[in-house]
Amino acid sequence: MDEKKYLFDKETLRTTELMILSTLKWRMQAITPFSYIDFFLNKVNGDHVPIGDSILQSFQLIMSTVRGNFSVFSFLTICTDNIYDSKE
């Protein structure tokens with residue numbers, strides 16, 4: 001009674017999953033803080049395209065946070081710079 005109808009190996013499952021994802025045009029990407037840089041900079045800049053310096057500063061802030069070097073001062077400096085840049 002305990003017959004197994006289907007037996008799949010790991011490679012068959014992997015191939016099938018990738019085929020389904022590609023057919024549905026789904027992309028598998030890791031979501032990281034970098035995924036949100038454009039969104040938040042657009043909100044801070046009043047829906048204007050962020051300038052390169054803002055993106056670079058955001059990148060540096062994320063990396064310093066990951067390394068454990070985060071400081072509130074650096075975060076406030078970036079926010080203040082972005083607010084003043086967006087008003088000019």
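Each value in this text was obtained by applying a stated rule to the coordinates, not by laboratory testing. Since the structure is predicted, the reported quantities are computational estimates derived from the model, not experimental observations. FYI the Cβ positions are ideal-geometry reconstructions off the backbone, even for glycines, and counts take in every protein chain you see.
Here are some notes:
- Stretch gain in nm, segment His48-Thr65, where the contour uses 0.36 nm per residue and the Cα spacing is subtracted: 3.5 nm
- Between Lys25 and Ile55, the modelled labels are 2.5 nm apart [label points 7 Å from Cα along Cα→Cβ].
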